[in-house]
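**Student:** This is the structure I have questions about; it appears just below.
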Amino acid sequence: MLEVHDLTKRFGGLTAVDGASLEVPQGAIVALIGPNGAGKTTLFATIAGFHKPDGGRVLFRGEDITGLPPDRICARGMVRTFQNTQPFAKLSVLENIMVGAWLRTDDRHACQQRATEIARRVGLSDRLDDMASELTVAGCKRLELARALATEPRLLLLDEVMAGLNPTEIAGIVDVVRAIRAGGVTILLIEHVMQAVMSLAEDVFVLNDGRIIAHGPPAAIASDRGVMEAYLGRGAAERLLGDTAHA
Amino acid sequence: MSRTALLACGGGLIAAALYPLLFGGSNYAVNLGFLVLFAAFLGQSWNIAGGFAGQMSFGHAVFFGTGAYASTILHVSHGWNPWLAWPVAIAAGAAVGAGIGTLSFRAGLRGSYFALVTLAFAEAFRILANSVPFTRGGLGMLIKSDPHPANLQFRDPIWFYYLALVLCVLSLALAWWLTRSRFGARLAAIRENEDAARALGINTFREKVRVLALSGALCAAGGTLYAQKYLYIDPSIAFGVDKSIEMLLVSMIGGAGTIFGPLIGAGVLHFVSEVTRELGGALPAIKNAQPLALIVYGVILVIIVGYLPDGSMGLFRRRRALPQGQGHA
Ligand SMILES: Nc1ncnc2c1ncn2[C@@H]1O[C@H](COP(=O)(O)OP(=O)(O)O)[C@@H](O)[C@H]1O
Ligand SMILES: [Mg+2]
């Protein structure tokens with residue numbers, strides 16, 4: 001589904017993504033983890049066309065999409081969400097989701113139906129007429145997910161959709177993500193909530209300082225505390241290991 | 001549209017159609033009505049780009065002037081019938097909109113940078129119109145008076161009133177369509193958050209160029225109508241900053257990004273204008289009512305921006321648009 005080869009992105013002197021390679025097979029849920037500032041969001045943004053890469057290639061469904069603009073990439077079926085949620089603040093929840101749904105239809109009725117259906121799937125049914133600016137953090141995360149889903153993607157890039165949520169809310173989103181995959185959408189997700197990574201992903205890539213430093217099934221990555229400490233640094237290891245305590 | 005909204009619109013339309021007759025076709029009333037409808041139409045042209053798509057311009061006069069000059073040059077210098085020159089003028093407005101849009105959006109200009117660039121374009125066009133021979137420079141262009149419907153000139157101002165009414169209604173219909181269509185949803189998305197819009201598959205550059213072309217076309221249509229009504233244009237009438245400001249003001253005061261905002265804003269503006277004119281007459285110290293009117297506009301604008309960021313239309317908006325806690329009464 002997605003192949004990333006030696007992707008590099010520099011901001012001035014800072015190499016945020018440094019020759020990162022990863023692969024996401026069709027139908028899978030793959031996780032990308034790493035400490036804050038590792039370059040995960042930048043990697044996502046570069047894959048999705050928001051940054052022009054300084055090197056490397058991105059193949060999506062076998063086609064080279066390196067350097068295409070985000071809207072063209074979205075039209076081809078790959079869509080990202082934003083870690084810092086970017087709602088259309090003065091539009092209603094339904095209107096927000098409809099913006100995504102308009103990509104595949106120009107019929108208002110069909111668009112509205114599709115958006116309503118997606119709102120149901122992510123649990124926003126009772127907030128349809130609310131302004132997006134009135135949503136809680138959890139609501140905004142669901143809205144990010146809903147809008148992206150409304151574009152009918154084949155591959156969904158989720159950037160920390162669970163950050164800042166309480167355990168109940170996380171459990172809710174985990175179920176939603178699982179249902180999305182069951183609906184045939186491949187998922188690549190950035191996540192700090194290890195519990196969620198463990199229960200969702202079949203494959204994990206670890207990014208540190210812009211480089212992929214480990215890759216494997218979640219159990220192998222997470223069970224080794226030493227690897228965690230060494231690869232992710234103390235702060236992240238603490239967060240990941242302490243995750244069950246606070247999340 | 002709901003039944004009540006439909007009835008209200010129908011009622012408004014009938015009232016607007018009967019308005020000149022109610023005043024026995026008095027020239028004062030008809031001209032005032034024309035001014036309000038005409039300002040509402042130009043305001044709507046601004047609103048489509050500035051309100052619905054969030055691409056606020058300080059230089060919409062560039063489109064107004066393009067329309068006015070295009071049809072007048074074709075008519076006066078090349079003998080075209082104004083009715084035929086009108087669509088060409090509209091196309092010219094669209095082309096200038098697409099051109100300015102392409103240049104500024106290609107360069108990634110947003111917000112106040114975009115606004116200032118449009119202002120610069122309007123000024124550049126004004127200076128150009130002052131210096132090139134085919135506009136007859138600062139002398140301006142006179143259209144020979146020859147009142148006949150076939151010449152797009154009318155002896156009775158009532159016909160300009162109805163023409164402005166038709167344009168105004170068309171522009172309202174266009175604005176209404178923007179609240180329901182895919183194009184309109186894309187514009188709203190661009191206004192609210194361009195990055196999110198791009199992520200969701202919207203070609204923001206293309207949509208912004210399109211909306212500026214549409215806005216420019218509409219505004220240029222107004223330019224031609226102005227030239228045909230007053231039979232004279234010069235560079236500062238056509239491309240003057242005051243034209244740009246009025247379009248923006250009408251829209252902001254009434255409520256940018258709303259269907260009826262420009263119409264309401266135009267009503268308020270001309271009401272203020274008339275009242276201050278009366279006051280000016282009563283107080284001989286104020287020889288010229290213009291500065292007074294500007295001061296009153298300024299105060300209204302400050303109040304609107306300070307307390308009603310969505311314009312006066314915000315008063316009628318859904319309550320939940322208010323910040324939480326203010327919505328209950
Ligand atoms: N637009 C940008 N311009 C300059 N530096 C950036 C930009 N975006 C991210 N960075 C830097 O790149 C590094 C990686 O950031 P990011 O991709 O957000 O990490 P993560 O998502 O893993 O926390 C950080 O040092 C960050 O400051
Ligand atoms: Mg990040």
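The values are calculated or read from the model by the stated rules, or taken from the named source; none is laboratory data. Bear in mind the structure is a predicted one, so any value in this text is a computation, not a measurement. Note: ideal-geometry Cβ built from the backbone for every residue, glycine included; neighbour counts use all protein chains shown.
**Student:** Quick check: is even one residue across segment A:84-107 out of contact with any helix residue (DSSP H, G or I) (no Cβ under 8 Å at 6 or more places or on another chain), free of Cβ contacts under 8 Å to residues at least 40 places away in the same chain, more than 16 Å from ligand 2 (Cβ to nearest atom) and not in a strand (DSSP E or B)?
**Tutor:** Among the residues of segment A:84-107, at least one is out of contact with any helix residue (DSSP H, G or I) (no Cβ under 8 Å at 6 or more places or on another chain), free of Cβ contacts under 8 Å to residues at least 40 places away in the same chain, more than 16 Å from ligand 2 (Cβ to nearest atom) and not in a strand (DSSP E or B), which makes the answer yes.
**Student:** Go through segment A:131-169 residue by residue and tally those that are within 11 Å of another protein chain (Cβ to nearest Cβ) and at positive phi.
**Tutor:** So the count comes out to 1.
**Student:** Being hydroxyl-bearing (S, T, Y) and out of contact with any helix residue (DSSP H, G or I) (no Cβ under 8 Å at 6 or more places or on another chain) is the filter here, so list the residues in segment B:27-60 that pass it.
**Tutor:** Result: B:Y28, single match.
**Student:** Looking at this structure, is A:E134 within 16 Å of ligand 2 (Cβ to nearest atom), charged (D, E, K, R) and under 23 Å from B:A53 (Cα atoms)?
**Tutor:** no
**Student:** Based on this model, can you work out whether B:I202 counts as in contact with a Lys or Arg (Cβ under 8 Å, 6 or more places away or on another chain), in a loop (DSSP other than H, G, I, E, B) and surrounded by 23 or more Cβ atoms within 10 Å (Cβ to Cβ)?
**Tutor:** It is true that B:I202 is in contact with a Lys or Arg (Cβ under 8 Å, 6 or more places away or on another chain), in a loop (DSSP other than H, G, I, E, B) and surrounded by 23 or more Cβ atoms within 10 Å (Cβ to Cβ).
**Student:** Scan segment A:158-177 residue by residue and report those that are out of contact with any Leu (no Cβ under 7 Å at 6 or more places or on another chain) and of a type outside the set (V, I, T).
**Tutor:** Selection gives A:D159, A:E160, A:M162, A:A163, A:G164, A:L165, A:N166, A:P167, A:E169, A:A171, A:G172, A:D175.
Conditions (1) more than 12 Å from chain A (Cβ to nearest Cβ); (2) part of a helix (DSSP H, G or I); (3) in contact with a His (Cβ under 8 Å, 6 or more places away or on another chain), marked per residue:
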| position | (1), (2), (3) |
| --- | --- |
| B:L174 | yes, yes, no |
| B:R180 | no, no, no |
| B:F183 | no, yes, no |
| B:K208 | yes, yes, no |
| B:A221 | yes, yes, no |
| B:T224 | yes, yes, no |
| B:M247 | yes, yes, yes |
| B:S251 | yes, yes, no |
| B:A256 | no, no, no |
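**Student:** Determine which single condition A:R80 fails, assuming it passes every other condition in (1) within 13 Å of ligand 2 (Cβ to nearest atom); (2) under 13 Å from the mean Cα position of the chain (by Cα); (3) more than 28 Å from A:E134 (Cβ to Cβ).
**Tutor:** Exception for A:R80: condition (3).
**Student:** When you scan segment B:163-202, how many residues do you find that are in contact with a Cys (Cβ under 9 Å, 6 or more places away or on another chain) and of a type in the set (K, R)?
**Tutor:** Number satisfying all stated conditions: 2.
**Student:** On to the next question. If B:F160 satisfies all but one of (1) in contact with a Lys or Arg (Cβ under 8 Å, 6 or more places away or on another chain); (2) closer than 30 Å to B:R110 by Cα; (3) touching a residue at least 60 places away in the same chain (Cβ under 8 Å), what's the number of the condition it fails?
**Tutor:** Of (1) in contact with a Lys or Arg (Cβ under 8 Å, 6 or more places away or on another chain); (2) closer than 30 Å to B:R110 by Cα; (3) touching a residue at least 60 places away in the same chain (Cβ under 8 Å), only one is false for B:F160: (2).
**Student:** Based on what the data block shows, is B:G33 farther than 30 Å from B:K208 by Cβ and surrounded by fewer than 22 Cβ atoms within 10 Å (Cβ to Cβ)?
**Tutor:** no
**Student:** Working only within segment A:54-81, note down all residues that are facing chain B (nearest Cβ under 7 Å) and closer than 16 Å to A:L156 by Cβ.
**Tutor:** A:P70, A:C74, A:A75, A:V79, A:R80
**Student:** (1) touching a helix residue (DSSP H, G or I) at 6+ places or on another chain (Cβ under 9 Å); (2) closer than 25 Å to B:A197 by Cβ; (3) within 16 Å of ligand 1 (Cβ to nearest atom): which one isn't true of A:T8, the others all being true?
**Tutor:** For A:T8, the exception is condition (2).
**Student:** Consider segment A:138-193. How many of its residues are modelled with pLDDT of 95 or more and of a type in the set (S, T, Y)?
**Tutor:** 2
**Student:** Run A:V58 past the list (1) at pLDDT 95 or above; (2) away from ligand 2 (no atom under 14 Å from the Cβ); (3) within 29 Å of B:T179 (Cβ to Cβ) and report the number of the one that doesn't hold.
**Tutor:** (3)
**Student:** Turning to a different aspect of this structure: In contact with a Leu (Cβ under 9 Å, 6 or more places away or on another chain), within 16 Å of ligand 2 (Cβ to nearest atom) and either farther than 16 Å from A:T85 by Cβ or outside any helix (DSSP H, G or I) (or both) - does that describe any residue in segment A:143-157?
**Tutor:** yes
**Student:** Separate question: Go over the candidates B:S71, B:S45, B:S57 one by one and state the one that is closer than 13 Å to B:P262 by Cα and polar (S, T, N, Q).
**Tutor:** B:S45
**Student:** A further question follows. Among what's in segment A:167-212 and is among the charged types (D, E, K, R) and loosely packed, with under 15 Cβ neighbours inside 10 Å, pick the residue that is nearest to ligand 1 (Cβ to nearest atom).
**Tutor:** Among them, the one singled out is A:E202.
**Student:** Based on this model, can you work out whether B:A197 counts as in contact with a Ser or Thr (Cβ under 7 Å, 6 or more places away or on another chain) and either crowded, with 23+ Cβ neighbours inside 10 Å or polar (S, T, N, Q) (or both)?
**Tutor:** yes
**Student:** Now a separate question. Of the residues that sit in segment A:51-67 and are assigned to a loop (DSSP other than H, G, I, E, B) and within 12 Å of A:M78 (Cα to Cα), which one is farthest from ligand 1 (Cβ to nearest atom)?
**Tutor:** Among those residues, the one meeting the criterion is A:R61.
**Student:** Looking at segment A:32-50, is at least one residue assigned to a strand (DSSP E or B) and within 16 Å of ligand 2 (Cβ to nearest atom)?
**Tutor:** Checked against the condition, which is being assigned to a strand (DSSP E or B) and within 16 Å of ligand 2 (Cβ to nearest atom), segment A:32-50 yields at least one hit.
**Student:** Any chance segment A:102-117 includes a residue that's surrounded by 15 or more Cβ atoms within 10 Å (Cβ to Cβ), touching a Leu at 6+ places or on another chain (Cβ under 9 Å), more than 14 Å from every other protein chain (Cβ to nearest Cβ) and at pLDDT 95 or above?
**Tutor:** yes
**Student:** From the set of residues in segment B:145-157 that are out of contact with any helix residue (DSSP H, G or I) (no Cβ under 8 Å at 6 or more places or on another chain) and either assigned to a helix (DSSP H, G or I) or touching a residue at least 60 places away in the same chain (Cβ under 8 Å) (or both), which is surrounded by the fewest Cβ atoms within 10 Å (Cβ to Cβ)?
**Tutor:** Selected residue: B:S145.
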